[in-house]
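Data first, discussion second: the structure below is written as structure tokens.
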Amino acid sequence: MPVIIDCDPGQDDAVNLLLAMASPELDIVGITTVAGNVPLELTQRNARLMCDLAGRRDIPVMAGCDQPLHRPLITAEKVHGTTGIDGIEVRDPQHPLDERHAVEFMVDTLRAAEQPVTLVPTGPLTNVAAAIGRAPDILDNVERIVMMGGAMREGGNHSPSAEFNILVDPESADIVLRCGRPIVAMGLDVTHQVLASRPRIERIRANDNPVADAVCGMLGFFHRFDSAKYGSDGSPLHDPCTVAWLLDPELFTGKTCNVSVETESALTLGHTAVDFWHVTDRPPNVEWIYEVDADAFYELLTERLGRYPLQ
């Protein structure tokens, strides 16, 4: 399955990349990075570091948009630390940065694709929206979009009503949600069910390899903010829900709904209005995932991280 992973690492993005790179079912044709959890200079570096760690220097990594389409950038160092992946040693990557812009790469790759490609955006949707705006014809070669973003019953995690990825660039989210291609959305309603509890982290650590150790280091840091915020044993592991769905969609339960984004209200900017009960005549555009078998999710993640070092 050919995929492009568009991300803003972030510990949970980093874990998602490591999960994907250990999964031969996925043909990762490129990793594109966007400003989000931390600025673009750091997100592209962090993605390349994950390629180093995984031993996957065959995957090109591109830097994309350094700010949202129409707004100043909001970042989340208070959650992810100053590096974005606090909890491990951060150094200059050996894996080089591809000189192509992420949007250019998306457009060229999708136009040339011999079979449809799945887009997996786990940060603000700026790169994807910019690619659609530049070349709408690429949508013909998009199999589906499996994204992390939004919230319904869980409210917001960066404002009272908005999830971070959507809040950072609501106009881009609006473009993507109205693009007409199949979309699977992992919002806070489901990601808050996959808590990286201490016992789950220790089971990952028992793999006893450098990748598992790095994941546990990052999750140990990530744990501190959300555990205090939510009063839970462990932080939600948001982004790996996307790749886990690609690997085993039976772990998840969803419902086809209309999802629209608030782009104007100062009070509810970035809110995802999920028409879960079909109370409007707005056409369904998203498979809204709202439930997951969390234990099975962590079994999958732990098993895949145990495959390192890759042969």
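Key figures
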| read-out | value |
| --- | --- |
| The range 43-180 shape via C-alpha gyration tensor axes, a/c threshold 1.5 | oblate |
| Magnitude of the charge dipole, the chain, Cβ model with Lys/Arg +1 and Asp/Glu -1, debye to 20 | 320 debye |
| Electrostatic dipole magnitude of the range 62-136 [Cβ: Lys, Arg +1; Asp, Glu -1; Cα centre; debye, to 20] | 320 debye |
| Cβ crowding within 10 Å averaged over residues, with 54-60, 234-240 ranked highest first | 234-240, 54-60 |
| Selection of GluC sites (Glu not before Pro), the range 54-107, meeting DSSP coil and at most 13 other Cβ within 10 Å | Glu89 |
| Overall form of the range 1-57 per C-alpha gyration tensor (a/c, 1.5; a/b vs b/c) | prolate |
| Cβ-based charge dipole, the range 2-305, positive-most Cα from Gly254, Pro236, Met186 | Pro236 |
| Enclosed volume per residue, in Å³, of the convex hull spanned by Cα atoms of the chain | 118 Å³ |
| Cα centroid of the range 1-25 to Cα centroid of the range 256-311, whole Å | 16 Å |
| Kyte-Doolittle mean at least 0.0 and Cα axial length at least 18 Å: DSSP H helices in the chain | 210-230 |
| Chymotrypsin sites (Phe, Trp or Tyr not before Pro) within the range 254-311, DSSP loop, no more than 10 other Cβ atoms inside 10 Å | Trp277 |
| Cα shape, the range 108-245, gyration tensor, a/c 1.5 rule | oblate |
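Throughout, read-outs are computed from the coordinates displayed, never taken from laboratory work. No experiment lies behind these values; they were computed from the predicted model shown. No Cβ is skipped: glycine too gets one built from the backbone with ideal geometry, and neighbour counts run over all protein chains shown.
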